[in-house]
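The values are calculated or read from the model by the stated rules, or taken from the named source; none is laboratory data. Since the structure is predicted, the reported quantities are computational estimates derived from the model, not experimental observations. Virtual Cβ from ideal backbone geometry, glycine too; neighbours counted across all protein chains shown.
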Amino acid sequence: MKNVHFSTQRPLSRRHLLRGTGILLGLPLLEAMQPAFARAAAPATPRRFLGICNNLGLLPEKFFPEHSQTGRGYTLSPYLEHLRDFRDDFTVLSGVWHPDVDGGHPADNCFLTAAPHPGSGGFRNTISLDQYIAERIGHLTRFPSLTLGVNVAQGSRSLSWTGGGVLIPCEEKPSVVFKRLFLRGTPEELREQQRRLARGQSIMDSIAEQTQGLQKEIGARDRERLDQYLTGVRELEKRLLLAAEWETKPKPVVAEKPPLDPTDSREYMEKVRLMYDMARLAFETDSTRSITLLLDSVNSPAIQVEGEATSDGYHNLSHHGRSAAKLTQLERIDREHMKLLHQLFGDLKARKEGSETLLDRTMVLYGSNLGNANTHVTTNLPVLFAGGGFKHGQHLAFDRERNYPLPNLFVSALQRFGMETDRFATSTGTFRGLELT
């Protein structure tokens, strides 16, 4: 192949480069393919958010540093030792909670919404952090957001909720996620998809028209419910319009092969690893900038860890009652989670974006809705916050009896995106002690 000279005066034609190679490649947009003025005015590398919730948490005594070990000189806990390579890339939090989020296991639905009292009758959720982000910048990417899960029973749980308090179901098959991200259908499949989108748009329009006249004939409470319903219809209309536009644009090309979905129910950790890979690929190709991943340990059976299956299901082990045998197995599971997180951080940090890394541009929130799964308490939540352009390498320790609001972290994350807001759910401001780089 002849050498290609990248002139600073004349931009290289991407079309010419593709033809000159004699093969068809999905190439990234190189700086040499742009005029100098375009490079000077190029937009900043985007920021991203990944929210991960393990709904059975971690053994507190193994996860948290000593309460007196605060700031940047703290001693890593046994679990955090697995993340030593990245200690300057994450902050560990203790003494945080979502104010008034009680209800034990149902609290995982509120991990990114902070809506109070999820276990109460008549509970209605509020918008989740990822969807708040998606509403404002989701139009910039093919997928406004991705809602992923591991072992999530269909329609039962999710970290993602619309502004109308409607659950967004999780996708739990890595192969399906990969197909949505990178595989393009046949021309006929694309035409059928466009027809389906058009039909959906028509139905939404018809529903909105038919319900408008009802508002004059019903009482105040019914009007409120109808308004919530119509809000959901309008949200869906917007999603359909965006989806229709992206259907005509080519999908990115990646070197990775489509993943094989684990068939053994005990391969929980392999599912987690694959979903981390899908999240990384989605961010790397700028297919989305907002992802959630619910690790539904409550619905997980015995788990394979380093070639050996646990003697009982994940949920039953979490109710250990201080049994030494159960605690030993739980610790093996927890440590495996930390090793997978280490791999995720490493993969994100290995990808360069200009002078920074993908981890520098991605806010990773890892935690749980339960402070202690054995007792179902929803206080003193185990939380790690990594990357995203913040000064890390510290332990921010708050009062473990009178906890500090975790939604303050959500406000700081939104402001890091450049969004003008000073409140989210039950926040009281930005997160104390967290500084920008």
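Key figures
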| item | result |
| --- | --- |
| Residue list for the stretch 70-121, restricted to those being in contact with a strand residue (DSSP E or B) (Cβ under 8 Å, 6 or more places away or on another chain), loosely packed, with under 15 Cβ neighbours inside 10 Å and assigned to a loop (DSSP other than H, G, I, E, B) | ARG72 |
| Set SER300, SER287: member being under 29 Å from LEU50 (Cβ atoms), of a type in the set (Ser, Thr, Tyr) and touching a His at 6+ places or on another chain (Cβ under 8 Å) | SER300 |
| Conditions (1) modelled with pLDDT of 95 or more; (2) surrounded by fewer than 24 Cβ atoms within 10 Å (Cβ to Cβ): number failed by THR263 | (1) |
| Selection count, the stretch 311-351, where residues are at pLDDT below 95 and outside any helix (DSSP H, G or I) | 8 |
| Subset of the stretch 125-147 (residues that are of a type outside the set (D, E, K, R) and under 13 Å from LEU112 (Cβ atoms)) | ASN125, THR126, ILE127, SER128, LEU129, GLN131, TYR132, ILE133, ALA134, SER145, THR147 |
